[in-house]
Structure formats: C-alpha cells, structure tokens
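> The structure under discussion is supplied below as structure tokens; questions concerning it will follow.
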Amino acid sequence: MPDPIEVRKVAIESVTDASGLAKLIDDGVIDADRVLAVIGKTEGNGGVNDYTRILADRAFREVLIAKGTRTPDEVSQVPLVWSGGTDGVLSPHATVFATVDPAKAPRSDEPRVSVGVAMSDVILPEDIGRPAMVEKVAAGVREAMKIAGIEDPADVHYVQTKTPLLTLATITDAKNRGHDVVTEDTGPSMDISNSTTALGIAVALGEIDMPGADQIHRDLSLYSSVASCSSGVELDRAQIVVVGNVRGIGGRYRIGHSTMRDALDADGIWDAIRDSGIDLPDRPHPSDLGDRLVNVFMKCEADPSGHVRGRRNIMLDDSDVHWHRQIKAAVGGVAASVTGDPAVFVSVAAVHQGPSGGGPVAAIADLG
C-alpha cells in the first residue's frame, strides 16, 4: 500500500519565489524528501518562450535540494509541472503533493488521495502529434497508476502531464536525423503536444481505443475526462502525475472530477467539488466551502464553433490578443467565482481533454 498523501497550496509571490514550499518544510508539514510532485501556475505569457516556468522550476528544485537529502540528480526526477499564464484574476501558485508517515496520518477505509508519478520514454520531435507519442504516454500513465496503487481506471480522477513541444532546435534535430515533424510552426505545436498526450491518457484508462494518425488533433469526439496536459521547452519526455483515490491508504484528502460543457459551466465545477466528498446545498455559494477545498484543476478551450450558448464571440478571430489568453482569463474568472479564490489551476489548449469547447475539472477536498 502506498503512503498517504499531504496536499497543500502555496502562493508564488514573485517569479522566483519558492518561500511557500520552504515554509511547509520548515514548519514540519511536509518532508522535502517526500515531495512527489508540484503542479503550479506561473505568471508568464504561457507561450513557447515563457521562461517563468523554468525560473519557477529552478527555484522549487533548489529548495528541495537545500532542505532535503536527495541529490540534484534525484530531485531532477521529481515532476514539477508548470503551466504558464495567469491572465485575468488568476494568481500564481503551486500545489504540492507529498507522502507522509502512515503512523502520522488519519486512518480511514474511505477513498483517499493517492499519487503516482512517472516519466515516459523520451519523446522525439518526430513523435509529437503522432501515434508513437500516444503509446509512450499511455505506457507512462499505466506505470504511474501502479505506483499509486490504483487498479481500477475509474478511481483515477486527474492526470496532469507536461510534455515537450517543438522548437526550431528540435525541428532541426529531427531533420538532421532524416525525419519530418507534424508541423514546423512552433506555436501550434503546444496544442498538438497537449492533445496527443490527452489521447495517450484516454487510451491508458480505457476511455477510447488507440486512435489513428488521422484522428489526432482532429476527431474532437475523442477525449479523456480526467486529462490535463501542458507542454513546454524544459523537458524531452512526459512528466506524468496520476491522482486518484485508494481505499485504506488513509490521510485527509479525497479527489473528485467532472467536466465543464462550456466556458460558463460553473455547475461542472460544483459537480467536481461534490464528487470530492464535500456536501453542498442545491444552490451552493463559496461560503459553503469553508476551508475544505484545497484546489481545483481545469483545462479550457475556445469553442471551435466561435459561439458560447448560442452567442458569437471573436476569440478565434482576434489578431491582437491570442485566444489562449482570452479563454484562460474567462474560465479563470468563472472558477474563482465558484471557489472564492483566484489561485486556481486553469490551463489552456484542451483538445481531447473534456468535451469540445469545455474541459475536465478535478477538485481536491480536505476531509480531515
């Protein structure tokens, strides 16, 4: 049986701030050597050249090295998944997942959070957007499930990944080795990497059959209801964090999930919170949450129809502000209005992640 899990959310007060993580360790809330993963939002542009992700990554790893006994090489294997861009009211923050001594955790036979982390095989530039990447991600998800002690895919409620995207350097590398890539436009390669990864998650969990090459990033009827995929320039394989529930593991936390059917679907967020074990009235308000909600995690996408609930919008036609930033700000506002807290994890580029124009939502509750 895996060890029980502690989950805490900390603010990021500047681009290189990791003081929240340091305080958790100094206060004895978590042990630096027991940190399994960090999932966070940084304040950059969210694009290919968003180096705030690298700065945050370095700051958090430096704390883990300084306050623990793991070597730099060992700490480098800890998945730190950074999603760039805190548009609108979204606030930079990080959610830290760590194991705790079973003797110090509340005992429970009820479902409680378990986490499994894994790294896929190296994803080559020519793999991105193609079945080879789907297969590599699926294998990594299955490995992370084993580590978490999760046997039934229905007990998986959230899979967060970070995968490589295409850059000029990696495109050139592929060409020099005699391979082509799915696109030579680095910007869209972020969305393609995310969508391909989501299909790998869906295959691993039995949500879909193995897709054909012509379905990747095209057949929007294929999706995972628990995938949250980000991509960046800072790695060459998939970092995979599987979060689900296991009976008997103990601890205070439980995770649930649902989906938003569109960008305004606040009920989808409330449904995920209910699924995490928090009892709510029929017409809930943020004040009903108390201090029981740790965080919510969601993906969003501008509806390819250019409409939301029958009304036209111009996000996909706007040449001044990329739709990534517009939809992230819009969904972030909806999510913050539900939770009462702008430090929520909202990530963009959700093709194959939840229904088209909507997206998956996961919620972690403190039931201790």
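The values are calculated or read from the model by the stated rules, or taken from the named source; none is laboratory data. The structure presented is a predicted model; accordingly, all values stated were derived computationally and were not measured. So basically every Cβ, Gly included, is an ideal-geometry build from the backbone, and we count neighbours across all protein chains shown. For the accessible areas, the whole protein counts, side chains as well, though only heavy atoms, and no ligand, DNA or RNA atoms are used. Shrake-Rupley method; radii C 1.70, N 1.55, O 1.52, S 1.80 Å.
> Below 8 Å between Cα atoms, with a sequence gap of 6+, how large is the relative contact order for segment 105-150 in percent?
54
> On to the next question. Highest mean first, what order results for 147-157, 66-76 on Cβ atoms within 10 Å?
Put in order of decreasing packing, that is 147-157, 66-76.
> Roughly how big is the chain's charge dipole about its Cα centre, with Cβ charges of +1 (Lys, Arg) and -1 (Asp, Glu), in debye to the nearest 20?
So the dipole magnitude of the chain works out to roughly 380 debye.
> Counting other Cβ atoms within 10 Å, keep those with at most 16, restrict to DSSP loop, and tell me which trypsin sites (Lys or Arg not before Pro) in segment 124-181 are left.
Of the trypsin sites (Lys or Arg not before Pro), the ones in loops of segment 124-181 whose Cβ has at most 16 other Cβ atoms within 10 Å are R177.
> Please check: in the Gaussian network model of the chain (C-alpha springs, under 10 Å), which one of N176, N313, N45 has the largest mean-square fluctuation.
Per the Cα network of the chain with a 10 Å cutoff, N176 tops the list.
> Follow-up. Comparing R107, R312, R130, which has the greatest mean-square fluctuation in the GNM of the chain with Cα pairs linked when under 10 Å apart?
Result for the chain, Cα springs under 10 Å: R312 fluctuates most.
> Given A350, M145, T196, which one lies farthest toward the positive end of the charge dipole of the chain, if we put +1 on the Cβ of every Lys and Arg and -1 on the Cβ of every Asp and Glu?
M145
> A further question on this structure: May I ask you to derive the relative contact order of segment 51-144, considering only C-alpha pairs under 8 Å and at least 6 residues apart, and to give it as an integer percent?
21
> For the chain, what does -39500 (n - 2.57) per DSSP helix run (n ≥ 4), summed and divided by total residues, give at 222 nm, in deg cm²/dmol to the nearest 500?
Taken over the chain, the calculation gives -8500 deg cm²/dmol.
> Right, next: Express as a percent, rounded to the nearest 5, the fraction of DSSP beta bridges in the chain (both residues included) that run antiparallel.
If we restrict to bridges inside the chain, about 75 percent are antiparallel.
> Hey, what's segment 67-155 come to in accessible area per residue, 1.4 Å probe, Å²?
Roughly 43 Å² per residue, with all protein chains present.
> Another one. Could you tell me what percent of the accessible area of segment 79-176 is made up of carbon and sulfur, with a 1.4 Å probe and every protein chain present?
52
> Below 15 Å, Cα to Cα, which aspartates and glutamates can K23 reach? Residues fewer than 8 away in the same chain don't count.
E6, E13, D31, D33, E62
> With no solvent and one equal point scatterer placed on each C-alpha of segment 67-135, evaluate the Debye formula and give log10 I(q)/I(0) for q = 0.19, 0.25 Å⁻¹, two decimals.
-1.11, -1.17
> On to the next question. Which entry is the computed semi-axes √(5λ) of the Cα gyration tensor in Å for this structure: (i) 37, 22, 19; (ii) 32, 25, 17; (iii) 29, 24, 20?
(iii)
> Would you mind working out the magnitude of the charge dipole of segment 1-154 relative to its Cα centre, with +1 at each Lys and Arg C-beta and -1 at each Asp and Glu C-beta, to the nearest 20 Debye?
Taking the Cα centre of segment 1-154 as origin, the dipole is about 140 debye.
> So how do 292-301, 278-287, 223-232, 327-336 stack up, highest first, on mean other-Cβ count within 10 Å?
For the peptides 292-301, 278-287, 223-232, 327-336, the packing ranking is 223-232, 292-301, 327-336, 278-287.
> Then there is this: How much of the DSSP bridge set in segment 8-148 is antiparallel, in percent, rounded to the nearest 5?
65
> Explain nothing, just the number: relative contact order of the chain, from Cα pairs under 8 Å at least 6 residues apart, as a whole percent.
22
> Give the ranking of H179, H257 by solvent-accessible surface, highest area first, calculated with a 1.4 Å probe.
Ranked list, largest accessible area first: H179, H257.
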